[in-house]
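Below: one structure, written as structure tokens.
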Amino acid sequence: MAVSKEQARQTRFAYTMLAPGIILLLLFTFIPIVYGLPLAFTNYSAVDTTKWVGFKNFIRAFEDPDFWISLKNSILYVIVVPIIQLLSILMAILVNNKLRFVNFFRISYFIPVVTSMTAAAIAWKWVFEEDGILNYFLTTLGITDAPISFMADMNLALYGVMCVTIWKGLGYYMMIYLAGLQSIPSELQEAARIDGAGRWKVIWHITIPLLMPFVMLCSLLSVMGAIRVFDEIYVMHGPKGDPASATLTTSIYTYKISFQDYNFGYGAAVGLVVSLLIMVFTLLLFKYTRKGGMNYYE
């Protein structure tokens, strides 16, 4: 089929607008990925001669206790995904109603998204300190007799970082779900109410199934962000994942061995293992969230 001059002009304009983003993706995402694949099979280091070592980096990783600790913590961190998604959906449903000051609530929920992660992590670090705001309220209200070491307790440190991730991500995913809610034909929900369905039945049997493509997208982004979490841990607990490696995740571990130990080959191997882990979670998400959307009733 012949393409008109107007269609060709619009196509050129579209690719012109996409060009900066595509160039940035090539330079900082795709090219590093392609370069990093063979790097994982070498002993590349800034202070040593590069040699092909085959699978030795991967064997070293599987024999390294710190790697398994970081992998366990990264997988555990995925706990934030269902929490963020559930709360984001509920918030989106709330602000999708015609309420007074609804725009104020939408902006308020979105403010953490545009807040610098460094600033947010520092603020939350103050909250969790032994002399911080949270312990002040807990002791003042008589909930605890003594301050709790949220930052130094091995059993609590990682969950404290999770709170930062959840707080930062809620508004972002809420806006995506809000766009999804507003794309659902109101006639479907109105028909269900006429048939006698209550509010929660409409949400469970109409809204959620039609939101499944958005749930898949948001869950995928959230899983990738959870496994690759770095900024909040680095700011709150440093590059070693203190206390006692309780917050050591694969991203922190990769940073440590690459940019502190200058063992980039080993770091690339660990990064490749993390990529495979993300791929596994992605396949599971596709398997369990592929049914839904506007073709749900077809």
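Per residue, the chain exposes 60 Å² of solvent-accessible protein surface, assessed with a 1.4 angstrom probe and all protein chains in place. If you look at the Cα atoms of region 37-96, you get an Rg and a Dmax of 20.1, 59 Å.
Could you work out the local net charge near residue 269, counting Lys and Arg as +1, Asp and Glu as -1, over the other residues with Cβ closer than 10 Å to its Cβ? Once all neighbours under 10 Å are counted, the net charge is +2. Here the chain exposes an accessible surface that is 68 percent carbon and sulfur, computed with a 1.4 Å probe and the other protein chains kept in place. Under 1.5 on a/c is rounded, so check that first for the chain, then, if it is not, pick prolate when a/b is larger than b/c and oblate when it is not; a ≥ b ≥ c are the square roots of the alpha carbon gyration tensor eigenvalues. Verdict is oblate for the chain.
How many angstrom lie between the C-alpha centres of region 90-154 and region 18-89? Spelled out, the Cα-based centre of one part sits 30 Å from the other. Pairs over the 23 Å Cα-Cα cut-off, from the set 56/287; 168/256; 51/256; 125/168: 56/287; 168/256. Dividing the summed -39500 (n - 2.57) terms of all DSSP H runs of n ≥ 4 by the residue count of the chain sets its mean residue ellipticity at 222 nm at -20500 deg cm²/dmol. Inverting the pair-averaged 1/r between distinct Cα atoms of region 181-244 gives 14.9 Å as its Kirkwood hydrodynamic radius. Normalised by the number of residues in region 153-298, the average gap of Cα pairs under 8 Å and 6 or more apart makes the relative contact order 29 percent.
When the inverse distances between all different Cα atoms of region 99-239 are averaged and flipped, the Kirkwood radius reads 18.0 angstrom. Over region 181-298, the reciprocal of the mean inverse Cα-Cα separation, the Kirkwood hydrodynamic radius, stands at 17.3 Å.
Taking only the C-alpha atoms of region 1-160, Rg followed by Dmax gives 25.1, 78 Å.
The values are calculated or read from the model by the stated rules, or taken from the named source; none is laboratory data. Everything numeric here is computed off the predicted structure, so don't read it as measured data. Positions of Cβ are backbone-derived with ideal geometry, glycine not excepted, and every protein chain shown enters the neighbour counts. For accessibility, only protein heavy atoms count, side chains too; no ligands or nucleic acids. Shrake-Rupley method; radii C 1.70, N 1.55, O 1.52, S 1.80 Å.
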